[in-house]
1. For Glu301, which of the numbered conditions (1) closer than 23 Å to Ile216 by Cβ; (2) in contact with a His (Cβ under 8 Å, 6 or more places away or on another chain) fails to hold?
2. Just need a number here: residues in the stretch 386-417 that are more than 17 Å from Ser463 (Cβ to Cβ), surrounded by fewer than 20 Cβ atoms within 10 Å (Cβ to Cβ) and within 32 Å of the chain's Cα centre (by Cα).
3. Just for the stretch 164-176: of the residues that are open to solvent by 30 Å² or more (accessible area, probe 1.4 Å) and more than 18 Å from Met220 (Cα to Cα), which one is modelled with the highest pLDDT?
4. Please enumerate the residues belonging to the stretch 282-304 that are assigned to a loop (DSSP other than H, G, I, E, B) and either of a type in the set (A, V, I, L, M, F, W, C) or in contact with a Leu (Cβ under 9 Å, 6 or more places away or on another chain) (or both).
5. Taking only the stretch 314-331 into account, find how many residues are in contact with a helix residue (DSSP H, G or I) (Cβ under 7 Å, 6 or more places away or on another chain) and part of a helix (DSSP H, G or I).
6. Of Asp125, Asp110, Asp136, Asp118, which residue is at positive phi and outside the structural domain of Val49 (by the TED database)?
7. Give the stretch 233-288 a look and list any residue that's among the hydroxyl-bearing types (Ser, Thr, Tyr) and crowded, with 21+ Cβ neighbours inside 10 Å, or say none.
Amino acid sequence: PAVLAPNSSSVAMPPPADIVKVAIEWPGAFPKLMEIDQKKPLSSIIKEVCDGWSLANHDQFALQHADSSNFYITEKNRNEIKNGAILRLTTSPAQNAQQLHERIQSSSMDAKLEALKDLANYSRDVTFAQEFINLDGISLLTQMVESGTERYQKLQKIMKPCFGDMLSFTLTAFVELMDHGIVSWDTFSVAFIKKIASYVNKFASDISILQRSLAILESMVLNSHDLYQKVAQEITIGQLIPHLQGTDQEIQTYTIAVINALFLKAPDDKRQEMANILAQKQLRSIILTHVIRAQRAINNEMAHQLYVLQVLTFNLLEDRMMTKMDPQDQAQRDIIFELRRIAFDAESEPNNSSGSIEKRKSMYTRDYKKLGFINHVNPAMDFTQTPPGMLALDNMLYFAKHHQDAYIRIVLENSSREDKHECPFGRSSIELTKMLCEILKVGELPSETCNDFHPMFFTHDRSFEEFFCICIQLLNKTWKEMRATSEDFNK
């Protein structure tokens, strides 16, 4: 044959875009190679396949991917079929759901176990899930969970492993079905919640049951206010903590996720109380030892949960950050007196009644100027801007008390510099606190995708204040090295 020139017009045309070439399997038959026309309705393609194998009732069949997903092909997702895909002819989702619904109620334990295993597998597919849920399948599963333990108590002694597997598949199917967001979480009974909460303690050694139970508790708390309250009554932080001390990172991740969910949904007045319980139970140091410093890499999901915990911990500061100072409040003014006392009282004359009030006032004004407040006469006025509000004052007091030498050094160094070269401690502390709140996003909800946690924030109970103490010293050092003047303050 004549060799065609490369630019000749008879180069093979690409197949029409609407045609995909696939192989279709059916048990006991050779796979059928065929072209699917994506413009034709799915039902007529299924009819054609059934006719080829002389199968009647083509409306009871469906096509699914023959890979590990087994997902059904529907009008919605059919455009995802690739050339060369292998499909399988199978019972329709409605038929399949009906059969499984009956099979999981079988009186034979083996048949029941097989059916639950299939159900757990199929429930990942939203098309199947919808059909199974329409048969009231979810309440069937919750009833099995609620009644299961008593009913199989006798069997349990004989068939312990079988019982554990059955429960595990039941919970897996439940989690997968609920994950599609078809059914509201608000419908579950206290009996069901109690059961799930009890598994967290009872089946601690069975990793799959523990993991599903934690996942269910987390979803309940996040998705329903009503369930949050019920779960919070059923599960204590003390029951969750031991799961962080094991070596299974997945279980640790799910455990922190439940703690985060309870923390996130707690009403404002309860949140501080919960933080106190977490502190009392040493949550931070347990995470530091068993998760962050454990001899294995932290995966993304764990990093995300640690990030969420970090955000929620910093958000406890929001209240102080948004509280203005009340110049009439004696307790708040005492903090400012305390800052003055720690810095200067070592060197000033004892505070006896000698010296008029006027003299004391002018001495205080001089000291407040040395402390670097903007308002020397009434420094309380410096804390009326929010953010950072009272949080700045909290930070300054923390620094003065816990890092006293560094505090006195900074104040004295600056009060002995010429006016325009001093790095004003008060003013910089307020500005720095405000900046740290922005950087650490105090008061913002955690993002669903971020996993940017910092191990250093898990090394100290007062990590925000400690972070401030390091930064204020760095700021002062940089100021000195740059020979900065008051004009450089904003820079």
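The values are calculated or read from the model by the stated rules, or taken from the named source; none is laboratory data. For clarity, every value in this text was computed on a predicted model and none was experimentally measured. As a convention, Cβ positions derive from the backbone with ideal geometry for all residues, glycine included, and neighbour counts pool all protein chains shown. SASA here: full protein model, heavy atoms, side chains in, ligands and nucleic acids out. Shrake-Rupley method; radii C 1.70, N 1.55, O 1.52, S 1.80 Å.
1. The number of the failed condition is (2).
2. Residues that pass the stated criteria total 1.
3. The qualifying residue modelled with the highest pLDDT is Phe169.
4. Hits for the stretch 282-304 are Ala294, Ala297, Ile298.
5. 3
6. Among Asp125, Asp110, Asp136, Asp118, only Asp136 is at positive phi and outside the structural domain of Val49 (by the TED database).
7. Within the stretch 233-288, Thr253, Tyr254, Thr255 meet the criteria.
The rows are residues; the columns are (1) open to solvent by 10 Å² or more (accessible area, probe 1.4 Å); (2) modelled with pLDDT under 95.
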position: Met144; (1), (2): yes, yes
position: Glu150; (1), (2): yes, yes
position: Cys162; (1), (2): yes, yes
position: Met178; (1), (2): no, no
position: Asp186; (1), (2): yes, yes
position: Ser224; (1), (2): no, yes
